[in-house]
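What follows is a set of notes on a single structure, which appears directly below.
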Amino acid sequence: MVVHSAAERVLAGLDPEQRSAVTAPAGPVCILAGAGTGKTRAVTSRIAHRALTGDISARHVLAVTFTARAAAEMRARLSALGVGGVQARTFHAAALRQVRYFAPRLLEGRAMPELLDSKVRVVTLAAAKVGLRADRAAARDLAGEIEWAKSSLVEPGEYVVAAAKALRETPYEPAKVADVFAAYERLKRGNGVIDFEDMLRAAVWGIEEHADVAEQVRGQYRHLVVDEYQDVNPLQQRLLDAWLGGRDDLTVVGDASQTIYSFTGATSSYLVDFPRRYRGATVVRLVRDYRSTPQVVGLANAVIAQARGAEARLRLELHGQRPPGPEPDLRIFTDEPAEANAVAARCRALIDGGTPAREIAVLFRTNAQSEAYEKALTEAAVPYVVQGAERFFERPEVRQAMIALRAATRSIPGETPLPAAVVEGLAAVGWAPDAPPAGGAARERWEALAALVQLAEEYAATPEVVPIGEAVAIERPVTLGDFNEELARRAAQQHVPTVEGVTLASLHSAKGLEWDAVFLVGLAEGTLPTTYAKTPEQVEEERRLLYVGITRAREWLWLSYAAARSPGGRARRPSRFLPQLDRSGGGEWAGAGAARRTERRRAQVVSCRICGATLLAGADRKLGRCPTCPSDLDEELYERLCEWRQRVAGAQKVPAYVVFTDATLTALAERKPGRTEELIAIAGIGPRKLGLYGDTVLALVAGAGVDEVCPQKSFEI
């Protein structure tokens, strides 16, 4: 009865589609989950519900995903649902655990080879062996090409043909890459080391070639769950098939519209073909978006609705569940420095308005675009964090801090509260909690260590429970030593703390994350889609990148591009993926018709006088500023203009807006034109209205009273 009640609690609060996914019968289940639709909740609830109803044993479940963060979130959610014992790991962590466990049996007593952290050093040596001098950037490109080949089950001798078939943009002539690949494999064997792909292959080999290993692995893992199934590569699928061994108790979760890693060997074909491979599979579609406002969801739907190709067959039309929010903000700038400065200014305004810096992200297509935004944010005194530039626990200041904290256990009294002990320990590396640097790299380093203090505060809030008898336990405050062990565990799993700062990230590295406010920048042809996207399939992947970027935003979304790369540079066009916002149609994102109307408006360029963005909407063009830029309205002048308009409209027996619209009056009260040339620069004031009202309006702006320019008696009937 208690178990039944716990299982019912798991179902509480699920929407109908999530409930269908959770209660689907044993066997092959495919959950097509759009961005923000609660896929992690659905899949963990399915595991928990099956365990609590007795359908499965939690210890027989293996749930695999692609990041340590996602695996940790799965474990935390399962624990909160009252289910422990599930193995939730990345593909690599699961394979490594199994290879290490079976190594004594498989290697007949020999030591397990050392695992390479990075291919770059060995690739550099391999390149030299075949007569190539590869700098670090070239070595990284070669390492990526080798990783693609091995993930795609391609051997060195097969590389040239496979690369041509896949239309790979190779860093060197394909035959030369194949030579480096072969030399790399020889160097690894000679040095007794393996890479991550070797480790996955070893796990496959152990199961496929050793019946006793296969029996033990499959006896342990009887129910498999795969998250982000659209990102699986052929090598990972081979391992998954080995784990399954022909069984079909498999739940996969994915979204074909978020397939953005094909350059690494990932393919959505396994997700697309799942119902054909597993006849009678249960397929559930999650389409209720709980992350983003309807305005953001509407734009995401408009972008992906134009998709073509195999992935488009599984696209989902999302339905926003949150209250309405602001319309996505589309802006055009003269050049990239102007765009970066405007983004930095808006970040500063958001932070000053109460939005935490960690809830803001600036996303771009390539890492090379980061520099301009780092510079602009530094000048605006905005803290930032570069996502993916360097792993948190590998940063020099973090490594020094961890050494200092271990040393501090010998000098700081054990009764010192943990947060205070961490602050005291960090003093040894020059960190202090007050007066952080204004911005830039120094601020980024300060924020990294501040994140350790925040983590200590969170860790101290959960004291350790120590059993002292069969029915008695006490709570023991956590110590600095405990915290050091926690940091070591997190470093091993790359479970990083949250760092306070605006996130700068490529669209690829932003996948799986979300923020309150997102800036999508550099949305110009040649950048998104990149010039390297030549085939229809490659162009479609670029479209999906924009879709992923849009769906990272919870509430506030900015999209921008620069008309030229540098001041006075060659003009370029906006990304072909951008639909246009038709404000006259109630804020819906429209298609070609709105795009044509926008092109006509763009013929006469009007820029925001505050941030410099090109204004597209009629009301914004009249104001001469973006709706989100600060207003400098002269309220007293605005009131006089309104009173004057009312008198004129009454005398002419016409509605007030026929004289001037509210937007035109607001523009007059903000811009306060002093000359005829400035007056006619305001949209909505043409030659006719200039002749009728020009002198009067200029007099009002100069300070004249309404009775002076428009005596009441002159309008009496």
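The values are calculated or read from the model by the stated rules, or taken from the named source; none is laboratory data. What you see is a predicted model; the values in this text were computed from it and never measured. Note that we place each Cβ from the backbone using ideal geometry, even for glycine, and neighbour counts take in every protein chain shown. We work out accessible area using only protein heavy atoms, side chains counted, and drop any ligands, DNA or RNA first. Shrake-Rupley method; radii C 1.70, N 1.55, O 1.52, S 1.80 Å.
Assorted remarks:
- Anchor Lys119: lysines whose Cα lies under 28 Å away (excluding residues fewer than 8 positions away in-chain): Lys129, Lys150, Lys165, Lys176, Lys188, Lys511
- Summarising the label geometry, the points placed 7 Å from Cα in the beta-carbon direction at Ala111 and Arg222 lie 4.0 nm from one another.
- Between Tyr290 and Arg276, the distance separating the two model label sites (each 7 Å from Cα on the Cα→Cβ line) works out to 3.4 nm.
- Karplus-derived HN-Hα couplings along segment 631-640 (A = 6.51, B = -1.76, C = 1.60, θ = phi - 60°), whole Hz, x at Gly and Pro: 8, 10, 5, 8, 5, 5, 5, 4, 5, 5
- Angle between the chain longest axis and helix 662-671 axis [Cα atoms, degrees, rounded to 10]: 90
- DSSP assigns beta bridges within the chain; of those with both partners inside it, close to 20 percent run antiparallel.
- With eigenvalues of the C-alpha gyration tensor scaled by 5 and rooted, segment 232-334, Å: 33, 17, 12
- When the chain is described by a simple charge dipole with +1 on each Lys and Arg Cβ and -1 on each Asp and Glu Cβ, the residue from Ala357, Val539, Val226 located farthest towards its positive end is Val539.
- Stretch gain in nm, segment Val429-Glu173, where the contour uses 0.36 nm per residue and the Cα spacing is subtracted: 87.4 nm
- Relative to the longest principal axis of the Cα atoms of the chain, the long axis of helix 68-80 lies at roughly 80 degrees.
- Accessible area in square angstrom per residue, the chain, 1.4 angstrom probe: 46
- Anchor Lys689: lysines whose Cα lies under 24 Å away (excluding residues fewer than 8 positions away in-chain): Lys622, Lys653, Lys672, Lys713
- The chain - percent relative contact order, Cα under 8 Å, separation 6 or more: 13
- Of every Cα-Cα pair in the chain, the percent that sits beyond 48 Å: 28
- Chain lengthening between Ser5 and Cys642 when straightened (0.36 nm per residue, less Cα-Cα): 222.8 nm
- Between Leu692 and Arg100, the FRET efficiency from the beta-carbon distance, with R0 = 56 Å, is close to 0.05.
- Applying 1/(1 + (r/R0)^6) with R0 = 56 Å to the Cβ-Cβ distance of Val654 and Ala12 gives a FRET efficiency near 0.40.
- Helices in the chain, meaning DSSP H runs of at least 4 residues, each add -39500 (n - 2.57). Divided by all residues, the mean residue ellipticity at 222 nm is -14500 deg cm²/dmol.
- Pair Glu514, Val161: separation of 7 Å Cα→Cβ label points (nm): 4.6
- Rounded, prolate or oblate (a/c below 1.5 giving rounded, otherwise prolate when a/b exceeds b/c) for segment 29-127 by Cα gyration tensor: oblate
- Computed extension gain for Thr661 through Ala488, at 0.36 nm per residue and net of the alpha carbon distance, reaches 55.8 nm.
- For the chain, with all protein chains in place and a probe radius of 1.4 Å, 52% of the accessible heavy-atom surface sits on carbon or sulfur.
- Note that segment 83-175 shows a convex hull volume over its alpha carbon atoms of 163 Å³ per residue.
- Cα-based shape type of segment 126-280, given that a ≥ b ≥ c are square roots of the gyration tensor eigenvalues and the cut on a/c is 1.5: oblate
- Legend: calculated FRET efficiency, Ala407 to Asn191, from the Cβ-Cβ distance at R0 = 30 Å, rounded to 0.05, equals 0.30.
- On Cα atoms only, tilt of 370-379 relative to the major axis of the chain in degrees: 60
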